[in-house]
Amino acid sequence: MDKKFNITVRNCDLYYSEFHALKNINIEIEEHEVTAMIGPSGCGKSTFIKSLNRMNDLIEDCRISGEIKIGDQNIYDKNTDINLLRKNVGMVFQKPNPFPMSVYDNVAFAPRTFGTKKKNELDKIVERSLKQAGLWGEVRDRLYTNAMGLSGGQQQRLCIARALAADPQILLMDEPTSALDPISTGKIEDLMSMLKADYTIVIVTHNMQQATRISDKTAFFLLGEIIEYNKTDELFANPQDKRTENYITGRFG
Amino acid sequence: MKESAHRRQMLKYQVMKLLTQGALLLSLAALITVIVFILVRGLPYVNLQLLFGEYSSKNPTIKPALIGTLYLVLISIVIAAPLGIGSAIFLTEYTNNKRRLIHIIRIAVETLAGIPSIVYGIFGYLVFVIALGFKYSLIGGGITLAVMILPVIVRSTEESLLAVPRSLREGSLALGSSKVRTIFSVVLPCAASGIVTSLILAIGRVISESAVLILTIGMVVNKMPKDFASPGTSLALDVYYFGSHGYPEQAAATGVVLLVLVVSINIMATIIGKIYGKGELADG
């Protein structure tokens, strides 16, 4: 089971019907790092991470070409098990989307999907995942109350716990803090730096400070292309491309 | 000049307020009159003998109608609920809203909901009573009622399903759940209160229906139905029968029973909608 979970993208193009949303993407994302995707709205960064767990399959008229490999498996292969792929590549969305059921059932959702039925095993997974998401202390007494009663920040950490309970290798986060207050944002950022020991994290963010705080590498997207991809401190200190520089210095027209 | 314009505005406002108020009062009065009138004329004759006594031409009872109505509700819901909910799931979860065909199906469903019930009645008569040779039977009437309430169930279930936020479906699929698990574990539970409410309202329609049944179940008011294939009667039909055969007291009393039944069903639907609908879909 010594599989690798780095992500390799080669010559990837993606179209929504006629719209060319991703243009010849080539990128190598390392294991156990936090990789940030930055760029203006509509530049394709969300589209890009959604192609890593094939959530784009849900969109009609979405066509993709090229190669996206996780370890040495091409995830767009005909015989890819999409459900297993999504179990291994967890996703946290922009708006917290807990299911309207108990905290416990939310976290136990994916393990149950994949056949864990025993109460004591589920208990362990639920506790471990909630601890990993830094939420255990706050919800241990209300595991069986409806998750919709949690605050926004708690809901988002619950969604992280829910994704972790599936035992993924990669965690995709699509602007996970954009709907949250600064304190909740801080908690989730701290969480990411801890989680990267066990997981590969790809995060889309509009907040460049956030990218510098939490990520090891950063990719700058513009109009569906990756303009620049480098170690985060280098990219921000010494951008190679004029467009990157304009964007990160806020002089973007 | 300004002063008089203002006064005219105020006058218009007052007149309009008075007119609408009057309209409301008249509407309420009409409604209350109906209810009070039926209660006053019928309530004194509602008793155990009427409800559960043996039928005789001197003392007609509604026991056969209670059983018949129960049969009809069972038959129609058992058929229409799975078909209706299934169709709604297909329309919302497995098709693209923009497709032409789906649009046409939606319009067709809405049109079906608007067909006068007597037309369903003649359909049931021609198909079940005549063509299939069921003669007058509860099963023929029940199936016809099922066809009649189907579009209602499809429409309201669809609305409940569409009200479940897309983000929940995505959340489930992103955890590696299959589409089937997503539908059964996330979408349907979220929509459950709406679906149950729509079923209860459909039951209300079955109980109130008379036109379909006049042509399909035979209006046999004096005999207990033996089984699904027997002819029978329903509460609504008894009202008609008693009213037109010289039993005005019993007609009014049966009207009271029907009224109470349908009103309680509607209240129940509202309560269920409220209890389950609370907070569970806070996210828009």
Exposure proxy ranking, count of Cβ atoms within 10 Å, fewest first, for B:SER27, B:SER76, A:SER151, B:SER193: B:SER27, A:SER151, B:SER193, B:SER76
query: In whole Å, what is the distance between the alpha-carbon centres of the range A:107-143 and the range B:55-72?
result: 56 Å
query: In nm, to one decimal, how far is the modelled label at B:ILE102 from the one at A:ARG128, with both set 7 Å along Cα→Cβ?
result: 4.0 nm
message: Counting other C-beta atoms within 10 Å, and keeping those with at most 12, which DSSP coil trypsin sites (Lys or Arg not before Pro) do you find in the range A:31-71?
response: none
- line: In vacuo Debye sum over C-alpha of the range A:138-212, base-10 log of normalised intensity I(q)/I(0) at q = 0.23, 0.24, 0.26, 0.28 Å⁻¹, listed in q order, is -1.17, -1.25, -1.38, -1.48
- line: Mean projected area, convex hull of alpha-carbon positions in the range B:48-283, reported to one decimal in nm², is 14.6 nm²
- request: Please give the calculated 222 nm ellipticity per residue for chain B, where each DSSP H segment of at least 4 residues contributes -39500 (n - 2.57) and the sum is spread over every residue; nearest 500 deg cm²/dmol?
  value: -23500 deg cm²/dmol
message: Just to compare against my own numbers: the Cα pair-distance distribution for the protein assembly as shown, 20 Å bins, whole % per bin, please.
response: 18, 36, 26, 18, 2, 0
task: Under 11 Å from the Cβ of A:ASN11, count the other residues' Cβ atoms, weight Lys and Arg +1, Asp and Glu -1, and hand me the total.
output: 0
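Output the antiparallel fraction of DSSP beta bridges having both residues in chain A, as a percent to the nearest 5.
That works out to approximately 60 percent antiparallel.
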- prompt: Where does the range B:5-134 land on Rg/Rh, using Cα atoms and the Kirkwood Rh?
  reply: 1.18
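Work out which helices of chain B, taken as complete DSSP H runs, extend at least 15 Å along their axis over the Cα atoms and score a mean Kyte-Doolittle of -0.5 or more, then list them. Write down the numbers at each step before the final one.
Details: long enough: B:2-42 (60 Å, 0.75); B:63-93 (44 Å, 1.68); B:100-113 (20 Å, 1.21); B:138-162 (35 Å, 1.44); B:188-208 (29 Å, 1.70); B:248-277 (43 Å, 1.44).
Span-like helices here: B:2-42, B:63-93, B:100-113, B:138-162, B:188-208, B:248-277.
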statement: In this structure, the FRET efficiency calculated for B:SER264 and A:GLU30 from their beta-carbon separation, with R0 = 60 Å, to the nearest 0.05, is 0.35
statement: For chain B, the count of lysine pairs 8 or more apart or interchain whose alpha-carbon atoms are under 20 Å apart comes to 6
statement: Expressed in angstrom and rounded, the centroid-to-centroid distance over alpha carbons for the range B:85-146 and the range B:216-246 is 24 Å
- request: Could you list the residues of the range B:131-148 with an amide nitrogen less than 15 Å from a label point located 7 Å from the Cα of B:ALA229 in the Cα-to-C-beta direction?
  value: B:132-141
statement: The relative contact order of the range B:48-283, taking Cα pairs under 8 Å that sit 6 or more residues apart, comes to a percentage of 28 percent
query: With contacts defined as alpha carbon pairs under 8 Å and 6 or more residues apart, what's the relative contact order of chain A in percent?
result: 27 percent
- line: The convex hull of the Cα atoms of the range B:174-242, divided by residue count, gives a volume in Å³ per residue of 129 Å³
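Throughout, read-outs are computed from the coordinates displayed, never taken from laboratory work. Worth saying up front: this structure is predicted, and the values here are computed from it rather than measured. For neighbour counting, all protein chains shown are included, and Cβ atoms are generated from backbone atoms with ideal geometry for every residue, glycine included.
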